[in-house]
Amino acid sequence: MIRRRLSGSRRWLLALPVWCCCLLGVLAAPVPAGAAQPPCLKLVFNRYCLGGDASLLAQQLPPALRQDQGERLALVYYEGRDRVYVLAWRGAIYKVLREYRIASQLQYEDLYQILRRKYGDGEDRSSFPEYARTPGRKQIAIRRGEGRAVHLWQTDAGWHVELSWTRETGLALAYIADALDEQQRAAMEGGY
């Protein structure tokens, strides 16, 4: 058997497939758990990571609608008849809000009872005119824009839950990351 010595360029060509396979292996490898990913404060609706990376979410789960506005990002998803809004600031998800298509006293009470059993009594921040003392009158006040039903549950984990029923948003359930929401609100009020 005769062996020929390969020139430098030919050795490189023969090694190219091996290098390509190694490079593809590195690129396809999963990202280690501790590799600079934002923390997930709460998994909301079994799908959205409060405090997580909005760009990663948009890649893994493409939204029906997307709106970029400077450092702010809104992703809209349709889940059955309801809409889910994922709001991010500087890439981090600070609010996940589900807007229910059907808004009624019964639906509000059902959601309230579920949240009360899970998180306790919470804080009632509702406001109604003097005439709205019964559930029917409260519903009329909400539809007229004269009243609003809002209930808040604060947690020790850095996030809170807000159940609201207003004329503007209808019936909505929101999970909000406290620190991120505060930062984005300060930035908005500061004008940048």
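Every read-out reported here was derived from the displayed coordinates using simple, explicitly stated rules and does not represent laboratory data. Being a predicted model, the structure only gives us computed values, none of them experimental. Positions of Cβ are generated from backbone atoms using ideal geometry, with glycine treated the same way; all protein chains shown enter the neighbour counts.
Annotations for the structure displayed:
- Simple spin-label estimate for residue 104 and residue 81 in nanometres, 7 Å along Cα-Cβ: 0.9
- Residue 156-residue 126 FRET efficiency (beta carbon distance; Förster radius 30 Å; 0.05 resolution): 0.80
- Sorted peptide list for 44-51, 86-93, 131-138, criterion being average Cβ within 10 angstrom, highest first: 86-93, 44-51, 131-138
- Charge dipole magnitude, Cβ of K and R +1, D and E -1 - the stretch 37-192, Cα centre, debye nearest 20: 540
- Among 140, 176, 102, the order by Cβ neighbours within 10 angstrom, fewest to most, reads 102, 140, 176.
- With Cα atoms as the point set, the radius of gyration and Dmax of the stretch 42-190 evaluate to 16.0, 49 Å.
- Annotation: extensible slack from residue 143 through residue 166 equals 7.5 nm (criterion: 0.36 nm per residue apart, minus Cα-Cα distance).
- In this structure, the amide hydrogen of residue 44, modeled 1.01 Å from its nitrogen in the peptide plane, lies closer than 5 angstrom to those of 49, 50, counting only residues at least 5 positions away or on a different chain.
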